[in-house]
1. Here is a check on your reading of the model: is Val274 under 17 Å from Gly160 (Cα atoms), in contact (Cβ under 8 Å) with a residue 12 or more places away in the chain and among the β-branched types (Val, Ile, Thr)?
2. Would you pick out the residues in region 68-122 that are touching a Pro at 6+ places or on another chain (Cβ under 9 Å) and basic (Lys, Arg)?
3. When you go through (1) over 28 Å from Gly91 (Cβ atoms); (2) modelled with pLDDT under 95 one by one for Ser246, which number turns out not to apply?
4. Is it the case, given these coordinates, that Glu251 is open to solvent by 50 Å² or more (accessible area, probe 1.4 Å), touching a Pro at 6+ places or on another chain (Cβ under 6 Å) and among the acidic types (Asp, Glu)?
5. Do we find that Gly90 is farther than 25 Å from Phe224 by Cβ, in a loop (DSSP other than H, G, I, E, B) and free of Cβ contacts under 8 Å to residues at least 40 places away in the same chain in this structure?
6. What are the residues in region 18-59 that are open to solvent by 10 Å² or more (accessible area, probe 1.4 Å), of a type in the set (Gly, Ala, Ser) and at pLDDT below 95, if any?
7. Of all residues in region 84-106, how many are open to solvent by less than 20 Å² (accessible area, probe 1.4 Å) and either among the acidic types (Asp, Glu) or over 21 Å from Val220 (Cβ atoms) (or both)?
8. For Asp240, state whether it is surrounded by fewer than 24 Cβ atoms within 10 Å (Cβ to Cβ), closer than 20 Å to Ile71 by Cβ and in contact with a strand residue (DSSP E or B) (Cβ under 7 Å, 6 or more places away or on another chain).
Amino acid sequence: MKNIRLLIIAMVTMAAGTVFGQPKVYFTKEISPESLVKIYKALGVEANGRVAVKISTGEGGNTHYLKPTLIRNLVEEVNGTVVECGTAYGGTRQDPKKHWETIHEHGFDSIFAVDIMDEFGDIRIPVKDRKHLKYDIVGEHLANYGFMINLAHFKGHAMGGFGGVLKNASIGVASTAGKAYIHSAGKTDKPELTWTKEYIAAGPTQDSFLESMAAAAQAVHNYFNGNIIYINVMNNMSVDCDCDGSPDAPELKDMGIMASLDPVAVDQACLDKVFSHEPKKGDDNKPLIERINRQHGTYITEYAEKIGLGSKKYILIDLDK
């Protein structure tokens, strides 16, 4: 009877995306349109209704963003809309007109329906962790979608250390005002104040910023109430983000795709893969690790686990075996 009971528990937890309480993270080395669909289907959760596919369309001049040709099969599989929000630092994506021009230059609107969710305004959604934020400010069009595929490009980031699904859910879904609110750890929602020398000097600590990102990611996760999945594509892993118009060339070779129902687990799995990699000439993980460590980037998964967003412990399932 005991063995039968354990078998039943295992079947229930595996169906729910966990194995004995630990979330499953799926992995494939192959980075292709077909493998994105394959790993999506492996998650066992069908995207339904109006589906938002949250990506970064890339800053003008950037060439490392996830290309439309790579994500096309997945977006078409779920009949999704590619969604994004404006930035808070100027550049080519803070003004909607310039943002649409960049989206067009990068080839997205020629293939997909695209929605700049905060083009006409934003809304506030609840946050569970109120250490820094009273709410999360997101693009108002978020309310038009019942399901989200968080499709992130895993790479470095100048401020967060690295960017994966947690950043894509927090900073990525936040409106221009919401980005300022997260970067300032709840002190202001005005982008013009966030980057002044005076404000930076008296601004939040790095850990406060990372904690705010985790809280905002949790807000989006809870907003979709189970109707959200997370995918990290580990290619073109520069130390710089897709938000950088002149990123450094990647020194680390492409690694593959990770996916999970747990955002903490999938970001942690990517971090573990980068940190455990054996560096060699032409395939060096040291620059990315140095960028992550410089910004205390790994703290975001630690804090996200602490507030109950997910687990740093996971079961890795290799789809190539």
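1. Numbers: under 17 Å from Gly160 (Cα atoms): yes; in contact (Cβ under 8 Å) with a residue 12 or more places away in the chain: yes; among the β-branched types (Val, Ile, Thr): yes.
Answer is yes for this residue.
2. Arg72
3. Going through (1) over 28 Å from Gly91 (Cβ atoms); (2) modelled with pLDDT under 95 one by one, Ser246 breaks only (1).
4. Details: open to solvent by 50 Å² or more (accessible area, probe 1.4 Å): yes; touching a Pro at 6+ places or on another chain (Cβ under 6 Å): yes; among the acidic types (Asp, Glu): yes.
In short, yes.
5. On the way: farther than 25 Å from Phe224 by Cβ: yes; in a loop (DSSP other than H, G, I, E, B): yes; free of Cβ contacts under 8 Å to residues at least 40 places away in the same chain: yes.
Criteria met by Gly90.
6. Result: Gly21, single match.
7. At the first step, the residues of region 84-106 found to be open to solvent by less than 20 Å² (accessible area, probe 1.4 Å) are 84-88, 93, 99, 102-103.
Restricting the remaining residues to those that are either among the acidic types (Asp, Glu) or over 21 Å from Val220 (Cβ atoms) (or both) gives 84, 102-103.
Total satisfying the criteria: 3.
8. Working: surrounded by fewer than 24 Cβ atoms within 10 Å (Cβ to Cβ): yes; closer than 20 Å to Ile71 by Cβ: no; in contact with a strand residue (DSSP E or B) (Cβ under 7 Å, 6 or more places away or on another chain): yes.
Here the answer is no, as Asp240 does not meet what is asked.
The values are calculated or read from the model by the stated rules, or taken from the named source; none is laboratory data. These numbers come from a predicted model, not from an experiment. So basically every Cβ, Gly included, is an ideal-geometry build from the backbone, and we count neighbours across all protein chains shown. Accessible surface areas use protein heavy atoms only, side chains included; no ligands, DNA or RNA. Shrake-Rupley method; radii C 1.70, N 1.55, O 1.52, S 1.80 Å.
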